[in-house]
Amino acid sequence: MDQRLLLMHQVMLADRPRLHAYDQALASVVREGDVVVDVGAGTLVLSMLALRHGAAHVYAIEADPAMAAVAEQIIRQNDLGDRLTLVQGEARIAKLPQAADVVVSEMMGNLGPEEQMVEVLGAVARRNLREGGTVIPRRLVTHLAAIEFDDEGWGLWRDGPPGLPGYRLDAVQHVVEPHAQLHFFQREPRFLAPPAVLSDDGIGPGSVSSPEREVRLRVRESGCLQAVIGYFAAELADGVTLSNYPSYPGCNWAVWVWPLRHKEVRAGDEIVVGVTVPRGRGRARDAMEWRLDCRITGPGR
Ligand SMILES: C[S@@+](CC[C@H](N)C(=O)[O-])C[C@H]1O[C@@H](n2cnc3c(N)ncnc32)[C@H](O)[C@@H]1O
């Protein structure tokens, strides 16, 4: 088995706020005797939570053959064969033997849409969710924000590291390409403009997603534009939301940071940001491949 995959599942299971949020959402949605579909089931943790909250049966769909083989063993070891059925394959085309009351999934990428959760859950719901059934999460929003960073991240390539006054590193800015870095924020950066919405998708039988678009960030505070960040907020159920910004201890999702050549901006400027999603099989999953282009407009520019 790919050891990076194993580590990914380990880090996800260790993310306590993530599991707590899903536990709360499933507790509020699942009714005694419900049929639940766990899409992208991995180590079956969401299936287990659904059973604990009263589901009569869970269909756990997992595309990765190595992960599915491990999941089969977990089912056997926990003696759950009569309540938990593993379906190995692509969830978009799965047709289950029973209509489901609830579809649950955690396929949020660091930005939100990379793992195509909105499209996949839309397809699963159309084929398998009973009328009036519930999807968890029910909404996925991606935000972009313009920031002034400091020596915790890309802001370093100006004044240099702490303790070395006068050591200029601006030259490094000129080799930057319009691709994302992943970052866990230890400190809050300064937001130069209120965050704007890149995509806002309801999830259900009718859902499709198209995050590729242009966003305008209106500068409220003058400062040095150093990066644009992208992060998600997933609405799981009433009053239960999960987001990767601000970074929290144990958070398994990094925040995307597109570093820019540092540029002074003034209140009243507009930062026009275009995001291009890479085409081709599997390429959208790779954070590095999402391109961000940025221009600044405003009085006197
Ligand atoms: C982020 S992990 C979540 C695993 C588990 N549900 C959890 O919460 O710990 C996503 C899983 O979905 C699987 N997956 C991704 N796309 C899928 C698809 N279209 N159909 C079925 N499984 C998929 C991946 O192989 C991976 O195991």
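The values are calculated or read from the model by the stated rules, or taken from the named source; none is laboratory data. As the structure is a computational prediction, the values presented were derived from the model and not from experiment. With ligands, DNA and RNA removed, areas are computed over all heavy atoms of the protein, side chains included. Shrake-Rupley method; radii C 1.70, N 1.55, O 1.52, S 1.80 Å.
Name the residue, out of N78, N244, N110, whose mean-square fluctuation peaks in a Gaussian network model built on the chain with Cα pairs under 10 Å.
N78
I need two numbers for segment 3-106: Rg to one decimal and Dmax as a whole number, Cα atoms only, in Å.
When restricted to Cα atoms, segment 3-106 yields Rg and Dmax of 12.9, 37 Å.
Which sequence of K263, K95 reflects their accessible areas, 1.4 Å probe, from the largest down? Spell out each step's value before the answer.
Values: K263 95, K95 140 Å².
These residues rank, largest area first, as K95, K263.
Ignoring everything except DSSP H segments at least 4 long, calculate the 222 nm mean residue ellipticity for the chain; use -39,500 (n - 2.57) per segment, divide by total residues, nearest 500.
On the way: 6 runs with 63 residues, N = 301.
The helix-only estimate for the chain comes to -6000 deg cm²/dmol at 222 nm.
Using a 10 angstrom cutoff on alpha carbons, build the Gaussian network for the chain and name the most mobile of A234, A66, A123.
A66
What does the convex hull of the alpha-carbon atoms of segment 90-139 project to on average, in nm²?
Details: hull surface 13.4 nm².
With every direction weighted equally, the projected area is 3.4 nm².
Across segment 285-291, in residue order, what do the Karplus-derived ³J(HN,Hα) couplings come to in whole Hz, using 6.51 cos²θ - 1.76 cosθ + 1.60 with θ = phi - 60° and x for Gly and Pro?
Going residue by residue, I get 6, 8, 3, 4, 8, 7, 9 Hz, with x marking Gly and Pro.
Quantify, in whole percent, the carbon and sulfur part of the accessible surface of the chain (1.4 Å probe; protein heavy atoms only). Don't jump to the answer; show the numbers that get you there.
Numbers: 7240 of 14340 Å².
With neighbouring chains kept in place, the figure for the chain is 51 percent.
For segment 226-243, just list the computed ³J(HN,Hα) in residue order, Karplus coefficients 6.51, -1.76 and 1.60, θ = phi - 60°, integers in Hz, with x standing in for Gly and Pro.
10, 6, 10, 10, x, 8, 10, 9, 10, 8, 7, 6, 3, x, 10, 10, 10, 9
Just to check, using Stokes-Einstein with a Kirkwood Rh over alpha carbon pairs, what's the diffusion coefficient of segment 243-301 at 10 °C and 1.306 mPa s in µm²/s? Walk me through the numbers before you get to the answer.
Working: Rh = 14.3 Å.
This corresponds to a translational diffusion coefficient of 111 µm²/s.
Accessible area per residue of the chain at 1.4 Å probe, in Å²?
Numbers: 14340 Å² over 301 residues.
Accessible surface, normalised per residue, equals 48 Å².
Which number comes out as Rg/Rh for the chain once both Rg and the Kirkwood Rh are worked out on C-alpha atoms?
Values: Rg = 21.3 Å, Rh = 20.7 Å.
A ratio of 1.03.
List the relative contact order of segment 20-134 as a percent without decimals, with contacts defined as Cα pairs under 8 Å and 6+ residues apart. Please report the intermediate quantities before stating the final value.
Details: 202 pairs, mean separation 30.6, N = 115.
RCO, segment 20-134: 27 percent.
Using only C-alpha positions, report the orientation-averaged shadow area of the convex hull of segment 141-297, nm², one decimal. Don't skip to the answer; put the middle values down first.
Details: hull surface 44.6 nm².
Mean projected area of the Cα convex hull: 11.1 nm².
Could you tell me the largest-minus-smallest coordinate of the C-alpha atoms of segment 1-44 on each of the three principal axes, in descending order and whole angstroms?
Extents along the principal axes, in whole Å: 37, 21, 11.
In percent, what relative contact order does the chain have, based on Cα pairs under 8 Å that are 6 or more apart in sequence? Walk me through the numbers on the way to the answer.
Details: 679 pairs, mean separation 53.6, N = 301.
So the answer I get is 18 percent.
On C-alpha positions alone, give me the angle between the axis of helix 65-77 and the longest principal axis of the chain, in degrees, nearest 10.
50
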